[in-house]
Every structure is written in structure tokens, then in C-alpha cells.
1. Going through the stretch 203-214 one residue at a time, which ones are of a type outside the set (S, T, N, Q) and in a helix (DSSP H, G or I)?
2. Determine the pairs where a residue that is within 12 Å of Asp258 (Cβ to Cβ), located within the stretch 280-297, has a partner that is β-branched (Val, Ile, Thr) and surrounded by fewer than 22 Cβ atoms within 10 Å (Cβ to Cβ) with Cβ atoms under 6 Å apart, the partner being 6 or more residues away or on another chain.
3. Looking only at the stretch 164-190, count how many residues are in a loop (DSSP other than H, G, I, E, B) and basic (Lys, Arg).
4. Sort out which residues of the stretch 262-279 are under 15 Å from the mean Cα position of the chain (by Cα) and among the aromatic types (Phe, Trp, Tyr), and write them in order of number.
5. Of everything in the stretch 222-259, what is surrounded by fewer than 15 Cβ atoms within 10 Å (Cβ to Cβ) and free of Cβ contacts under 8 Å to residues at least 40 places away in the same chain? Give them in sequence order.
6. What is the residue count in the stretch 194-234 for residues that are under 15 Å from Arg279 (Cβ atoms) and in contact with a Leu (Cβ under 9 Å, 6 or more places away or on another chain)?
7. Only one of these is at pLDDT 95 or above, of a type outside the set (Val, Ile, Thr) and at negative phi: Ala177, Ala133, Ala98. Name it.
8. Quick one: count up the residues across the stretch 191-202 that are under 20 Å from the mean Cα position of the chain (by Cα) and part of a loop (DSSP other than H, G, I, E, B).
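The values are calculated or read from the model by the stated rules, or taken from the named source; none is laboratory data. Values in this document were obtained by computation on a predicted structure and should not be read as measured data. Every residue, glycine among them, receives a Cβ derived from its backbone with ideal geometry; neighbour counts consider all protein chains shown.
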Amino acid sequence: MKPAEPVITVTLNPALDKTVTLEKFEYGGLNRIKEIRTDAGGKGINVAKVLRHFGVNVSALGLAAGYQGQVIRDKLHGLGIRSVLLEAIGETRVNLKAVDESTKQTTELNEPGFIVDDLLLGQFLDTYKAEAAESSIVVLGGSLPPGTPPDYYRTLIENARSKSIRTVLDADGVALALGIEAAPFAIKPNIHELETLLGATFDRIEHVIDAARSLLDRGIEYVLVSMGAEGSLLVNKDKAVRASPFPITPLSTVGAGDSMVAAMVYSILSGKSFEDMARWTSAAGTITASKPGTQVCTLQEVQDSIPMVKLTHF
């Protein structure tokens, strides 16, 4: 049974993801492109795409600007995703992904994005309040565009909490540090973001567990830590479990973490067990990492892969 509760994702600094495929990337030389693909991108938008694949009623909120912003709206419409993207001044950024077929590696070149002001952010906050009031879960993801106060995610989380609406935060740096002060329901840092957040280096899984549990003391219910080839760690107040992914040939990490966030939201809405949430998030991230460019996993692919995920309890 697919979840019926509405979900909104927030992407304040979206991007038009342009993926180019090359036979072999020549650094400092001429590179001839074999294939080009463009997708609506940004963390929240990627989460919305996966949730749409999973049959979830999802809307994408955020900001956009110029011609490329309209392209993003059109692409979301084509995917059947309702979008409310307020118009900013300037132009939406383009994030270039260069896929080297010879090495199976993806190089990313990301623009900073348009600049926003207090008037636009105030207008977005009003829109967000109205949309969040009708939602079950809010996903906040990605970088903040230039001009945004670093505590803006905290403001959005506090508003949702005041209405008993669960939030999932996937950010880094100062935006993450200030955002967790409002006690989101769940967060999904990668291992490097967690180390930066806590000012430490973790060389054992037990240290990662202790770090994640220290965040639970701040009122967070779930901490999902992605660790690349080392798998992922899911922690709540009662349990800690590591999910080890099945073997793949990684083609792009773009969207893998976003797929994990989407699978977490789907698991919450579906009432899945803690262990099943760990399996679903691991499978979703692994499948997406096996795809080129910015392509994401489908529900069927994740369902078929669940039995291959190995869990270790701590």
C-alpha cells in the first residue's frame, strides 16, 4: 500500500543538472562529448523524484530564477511532481557533471546560485507555512543560496515543530549545525559532514555510533549516516544498525544520499520497522549510485534489492 500522506520537499538553491558523457576525460585538453542529459536537480528535488517513483504524494517547494528555473518547473511537471518555486532575480545555477567512461568517475562543477533578499525569503516563509500545514513530513535539503541567513533551516524546522509536523534535514556545514538546534525529526549527514559537525575524526564504527547518539540527546529521533562503500548507519534511542550494501559498479554518487532520504521518508510513512528502514535506505542509495549522472532508483529496483542488504546490530 502506498503512503497517502502528503510530503513537501524544500530546495532553496535548485540546479539544472547537465550531465555530459566522455570516452576519456583529458585534463587540460580537448574533450568531445558523446551524450548530454539535463535534469531538474538539487537535494530536495532529487528526493521528490524518488518519492514520486515510490508513489508518494509529494510537492517540491523552493526558489528558482530565469530561463533555467522555468526548465526545472517544466521537467518537474513532466514527472508528475507539483512544484511551487517562487521566482528569484537572476538565473538558476547549472551544475555540470562530467562522466568519464574510461574510469567510471564523475567530476562535478557546481555554480553558486542566484542571490536572494529578505523580501523573497519572507514570501517563501509564508508559502512554506501554508504548504507545511497540510503536510505529514517536510524534507529540507541542500545548500542555501547566497543572501540567505545561515539559520534559515532552523526557522523552517521550528515552524514545522510548532504544528507537530516531522522534518528531515539533509544539509552540511553551518546550515546543518544551526538546523539541528531546532531538533528535526531526522537528519542524514554523511560521515564527513558528521565529523565536521562534531569536530572529530572517527576511525571505528563504535565512534560513529557514539557521535550519532550524542545528536539524539538534542531531540532528534533518527540519525542516518552514509559512509560510502562502508555502508550506512541508522541510529535511534533504542538501536543502532549498520547496513552493508551489495556489490555494484559505482557510476555516480549524485543523488545517492537523496535517495536514502526518500527511502527513509517512505519507511516512516509506511510504518516500516527500524531494520527495514535501514535496508530500504541502503538499497535506495546503492541503486542510485550504480546509475550514471543524476538518474535515481525506482521502487521496483529497491524492492528487488532488499534481500541483498546485510544488517549488523550493535
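1. Ile205, Glu206, His207, Val208, Ile209, Asp210, Ala211, Ala212, Arg213
2. So the pair list comes out as Ala289/Thr253.
3. 1
4. Tyr266 - this is the single residue of the stretch 262-279 that is under 15 Å from the mean Cα position of the chain (by Cα) and among the aromatic types (Phe, Trp, Tyr).
5. Ala229, Glu230, Lys237, Asp238, Pro247
6. Adding up the residues that qualify gives 6.
7. Ala177
8. 0
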